[in-house]
1. Looking at region 36-43, is at least one residue under 30 Å from residue 16 (Cα atoms), at pLDDT 75 or above and surrounded by 10 or more Cβ atoms within 10 Å (Cβ to Cβ)?
2. In region 1-15, what residues are over 30 Å from residue 60 (Cα atoms) and either touching a strand residue (DSSP E or B) at 6+ places or on another chain (Cβ under 6 Å) or surrounded by 10 or more Cβ atoms within 10 Å (Cβ to Cβ) (or both)?
3. Within the set of pairs 6 or more residues apart or between chains, which connect a residue that is more than 22 Å from residue 60 (Cα to Cα) inside region 16-35 to a residue that is at pLDDT 80 or above and among the polar types (S, T, N, Q) with Cβ atoms less than 9 Å apart?
4. How many of the residues in region 4-49 are among the aliphatic types (A, V, I, L, M) and part of a loop (DSSP other than H, G, I, E, B)?
Amino acid sequence: MYDERFCRMWEFYLASSEASFRFHDLVVYQVQLTKHLETLPITRDYMLEGENRLAVHYPKLHRSRSKSSH
């Protein structure tokens, strides 16, 4: 489906992204675009709830993020 060069570049991209997240405090922002404002919830509380659910499974990661944000 994809040639060897593409696969090597993709693997390099994934490895460098992982390293950036782990060691260089890379941050990803999420932007939500919609044609109609009522499509989105009024607040982003659902995002915090999801993050808290993940914190149960990854407490070490959650703890390090909260310390660096203060």
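1. No, that holds for no residue.
2. If the condition is that a residue be over 30 Å from residue 60 (Cα atoms) and either touching a strand residue (DSSP E or B) at 6+ places or on another chain (Cβ under 6 Å) or surrounded by 10 or more Cβ atoms within 10 Å (Cβ to Cβ) (or both), then 6, 7, 8, 9 are the ones that fit.
3. 32/39
4. Result for region 4-49: 7.
The values are calculated or read from the model by the stated rules, or taken from the named source; none is laboratory data. Small disclaimer: the values here were computed from a predicted structure and weren't measured. Methodologically, a virtual Cβ is constructed for each residue, glycine included, from the backbone with ideal geometry; neighbour enumeration extends over all protein chains shown.
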